[in-house]
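The values are calculated or read from the model by the stated rules, or taken from the named source; none is laboratory data. Owing to the predicted nature of the structure, the values given are computational and were not obtained by experimental measurement. Cβ placement follows ideal geometry from the backbone for every residue including glycine, while neighbour counts extend to all protein chains displayed. Note: accessible area is taken over every heavy atom of the protein model, side chains too, but ligands, DNA and RNA are not part of it. Shrake-Rupley method; radii C 1.70, N 1.55, O 1.52, S 1.80 Å.
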Amino acid sequence: MVSEYEIKKQICDIGKRIYNRGMVASNDGNISVKISDNEFLCTPTGVSKGFMTPEYICKVDAEGKVIQAYAGFKPSSEIKMHMRVYKERPDVKSVVHAHPMYATAFAIAGIPLTQPIMPEAVIALGCVPIAEYGTPSTEEIPNAVSKYLQHFDAVLLENHGALAYSDSLLSAYHKMESVEFYAQLLYLSKQLGGPKELSDSQVQRLYEIRRKFGMTGKHPADLCPNNKAGLPSCHSCGNNCGGNCSTAKADNDLVAEITRRVMEQMGKH
Ligand code: 13P
């Protein structure tokens, strides 16, 4: 079993990566790891995540209350947001919050990441919705994020940044990196005349690969109401993502398909 001290060191390493890659400025961002049902390690508030040592890391309970912290360190001001993710997603073992430049620009412009433009983003993330703006450190952000938690493994925070979570610290960090890479490519391809999106059938094949690999986490590939109805799943519904392919469209398509099948059956008899 990995010791608590070792996990603290890993949090410091990920903090360095986030800082060195420019995914946060100054003292921004926060990271947490679940170590048992009622014990979580988290970064302290108000320090640069690029220069932490294990003594900086605080331990809190499921309510975000301090179990252990060295003098001068208090848990992240966003601990409530982290705790909401753990509460509503028992599969999650780590949460990473950052302000990566391109993803945050999309969050500020109010544009969710829903266009299927590259295989890796389609397989790993599906689409990335925007949770409505909330004042940092209050219950407003956890409340805004809550409705997306059952459908996605990453969300943008309106006018603020991005949040990613997964079943390990490294995987949560990788999701954040993927969100930023996706946002950057989407931004650049928009400058080059607009992205050529993958076709529906190309997206379906990528979803098949995701299912075959048995990848963990939530994803429109597994949750799309079309898919549940035995129809091809759309890229961006996954419920509430704000993408072009709304649930309403999915419903219309479903009604059309049912009508077609009924008509077919009637023709046969
Ligand atoms: P903390 O330093 O309190 O974790 O806050 C940083 C931040 O990015 C708030 O959104």
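Ranked highest first by average number of other Cβ atoms within 10 Å, how do 46-57, 189-200 line up?
Packing proxy ranking, top to bottom: 46-57, 189-200.
Starting from the Cα gyration tensor of the range 101-175, take the square roots of the eigenvalues, sort them a ≥ b ≥ c, and report rounded, prolate or oblate (rounded when a/c is under 1.5, otherwise prolate if a/b is larger than b/c, else oblate).
oblate
In whole Hz, with x marking every Gly and Pro, tabulate ³J(HN,Hα) for the range 203-209 from phi via Karplus 6.51 cos²θ - 1.76 cosθ + 1.60, θ = phi - 60°.
5, 4, 5, 5, 5, 4, 4
What shape does the range 75-123 take by its C-alpha gyration tensor, where a ≥ b ≥ c are the square roots of the eigenvalues and a/c under 1.5 counts as rounded, a/b above b/c as prolate, and the rest as oblate?
It is oblate, given that a/c is not under 1.5 and a/b is not larger than b/c.
Using the Karplus equation 6.51 cos²θ - 1.76 cosθ + 1.60 (θ = phi - 60°), what ³J(HN,Hα) coupling, rounded to whole Hz, does each residue of the range 20-31 give in order, writing x for Gly and Pro?
Per residue, the Karplus-derived 3J(HN,Hα) values read 5, 8, x, 7, 8, 10, 6, 9, 6, x, 7, 9 Hz.
Tell me which trypsin sites (Lys or Arg not before Pro) from the range 54-91 have a DSSP coil assignment and no more than 14 other beta carbons within 10 Å of their own.
K65
As a quick test, which of the pairs K9/K93; K16/K175; K65/K147 have an alpha carbon distance above 19 angstrom in this structure?
K65/K147
Give, rounded to the nearest 20 debye, the magnitude of the charge dipole that the range 157-220 has about its Cα centre when Lys and Arg contribute +1 at Cβ and Asp and Glu contribute -1 at Cβ.
240 debye
Give the aspartates and glutamates reachable from K218 as a straight Cα distance under 12 Å; neighbours fewer than 8 places away on the same chain don't count.
D91, D153, D167
Run the accessible area of the range 89-194 with a 1.4 Å probe and give the carbon-and-sulfur part as a rounded percent.
Ligands and nucleic acids excluded, carbon and sulfur reach 60 percent.
Sort the range 135-228 into rounded, prolate or oblate with this rule: let a ≥ b ≥ c be the square roots of the eigenvalues of the Cα gyration tensor; rounded if a/c is under 1.5, and if a/c is not under 1.5, prolate when a/b is larger than b/c, oblate otherwise.
oblate
Can you pull the three principal axis extents for the Cα set of the range 19-147, in Å, largest first?
Reported extents, whole Å, longest axis first: 46, 30, 28.
How much accessible area does L149 have with a 1.4 Å probe, in Å² rounded to the nearest 10?
Here the residue's solvent-accessible area equals roughly 0 Å².
Please figure out what share of the DSSP beta bridges in the range 29-159 is antiparallel and state it in percent, rounded to the nearest 5.
Taking every DSSP beta bridge within the range 29-159, about 90 percent pair in antiparallel fashion.
Determine ³J(HN,Hα), in whole Hz, for all residues of the range 52-61 in sequence, where each value follows from phi through the Karplus function 6.51 cos²θ - 1.76 cosθ + 1.60 and θ = phi - 60°; x replaces Gly and Pro.
So the J values, rounded to whole Hz, are 8, 10, x, 5, 6, 6, 9, 10, 10, 8.
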